[in-house]
1. Kindly express, to the nearest 10 degrees and within the range 0 to 90, the angle between helix 26-42's C-alpha long axis and the longest C-alpha principal axis of the chain.
2. Can you compute 3J(HN,Hα) from phi for each residue in the stretch 67-83, using the Karplus curve 6.51 cos²θ - 1.76 cosθ + 1.60 with θ = phi - 60°, rounded to whole Hz and x for Gly and Pro?
3. Using the structure shown, list the pairs from Lys117/Lys157; Lys44/Lys174; Lys48/Lys240; Lys44/Lys84 with a Cα-Cα distance above 28 Å, or answer none.
4. In percent, how large is the relative contact order of the stretch 1-135, given Cα pairs closer than 8 Å and 6 or more residues apart?
5. Pairs of Cα atoms under 8 Å, at least six residues apart: use those to get the relative contact order of the stretch 91-243, whole percent.
6. Among (1) 19.6, 59; (2) 17.1, 58; (3) 20.0, 63, only one was calculated for this model; which label is it, if the read-out is Rg and Dmax of the Cα atoms in Å?
7. Check each of the GluC sites (Glu not before Pro) in the stretch 2-37 and keep only those in coil by DSSP with at most 14 other C-beta atoms within 10 angstrom; list them in order.
8. Quick one: putting +1 on the C-beta of Lys and Arg, -1 on the C-beta of Asp and Glu, what dipole do you get for the chain around its Cα centre, in Debye to the nearest 20?
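What follows is calculated from the coordinates using simple rules that are stated; it is not laboratory data. On a predicted model such as this, the values are computed, not experimentally measured, just so you know. Note that each Cβ is placed from the backbone with ideal geometry, even for glycine, and that neighbours are counted across all protein chains shown.
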Amino acid sequence: MSSYPISIRSFGEDAILIEWPNEVSEAILYDILDFAESFKLVFKDSNKWELIPAYNSLTLINRENIKDFSKTKFLLQECFKNRKAGGHPQRYLWKLPVCYDLEFGIDLEEVSTTLGKSIEDTIKAHTHHIYTVYGMGFLPGFMYLGGLPKELETFRKSVPRLRVFKGSVGLAGKQTGIYPQDSPGGWNIIGNCPISLFNVNHENPCFVNVGDQIQFYAISRAEYDLHRIETEVGIYNLDKIKIDA
């Protein structure tokens, strides 16, 4: 398997930050996930740790206290040396519906004009590509999706909105993503997804994990209304495909 240099350093009193090379790479992301699984097997007290993978780093937060950083660092280095490729959990490709009607895609016309595309071509480009979940954060259930084609790269809005509605699908820089709840935000909004990405009442509040992939597909307004109702009553069937290791 590929070998990457890593750095391990204290990240406050109760956390450790492990960093891989500073680049956006699926190979690095999967190496991080392989290491995380190895950590769970090697560390007998792994249930006392919270692991947060993102892009090129893994943050380890101890729920009690890190009593001996030097000893822990040594064990982490050994864990890294002995990790196995493909040791990460099963990954999935999730296909999520998006309504790109201008009622929802409030920046779609402006974005398309800026990119020199028709609205139809912007939608086609956005739905054609498959995106990798590189991190979760900002809001519970907010996915940072990498893999946006260069033809869709656009600047964030110069003045963020005070309220972006739940389900809004946005573009910013080299990323795309979905707002899982109403929130301030500065991304360019091109549509809306009727599927709830985060539900605190579920045993697993967010069904998507870092390392999974996302592909969007366009739906009509009528389909949007139907899927939203199905989601609210709990009968919407998520479309997912296993990704081979």
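1. It works out to around 40 degrees.
2. Each residue's phi maps through the Karplus curve to give 7, 9, 5, 4, 5, 5, 4, 4, 5, 5, 5, 5, 4, 5, 4, 9, 5 Hz.
3. Values: Lys117/Lys157 19 Å; Lys44/Lys174 39 Å; Lys48/Lys240 31 Å; Lys44/Lys84 18 Å.
Violating the 28 Å limit, Cα to Cα: Lys44/Lys174; Lys48/Lys240.
4. On the way: 145 pairs, mean separation 33.3, N = 135.
Reported as a whole number, the value is 25 percent.
5. Details: 329 pairs, mean separation 54.7, N = 153.
For the stretch 91-243, the relative contact order is 36 percent.
6. Label of the calculated value: (1).
7. Details: sites: Glu13, Glu19, Glu23, Glu26, Glu37; in loops: Glu13, Glu23.
Passing sites in the stretch 2-37 are Glu13, Glu23.
8. Working: 26 positive and 31 negative charges, 131 e Å.
Computed charge dipole of the chain: roughly 620 debye.
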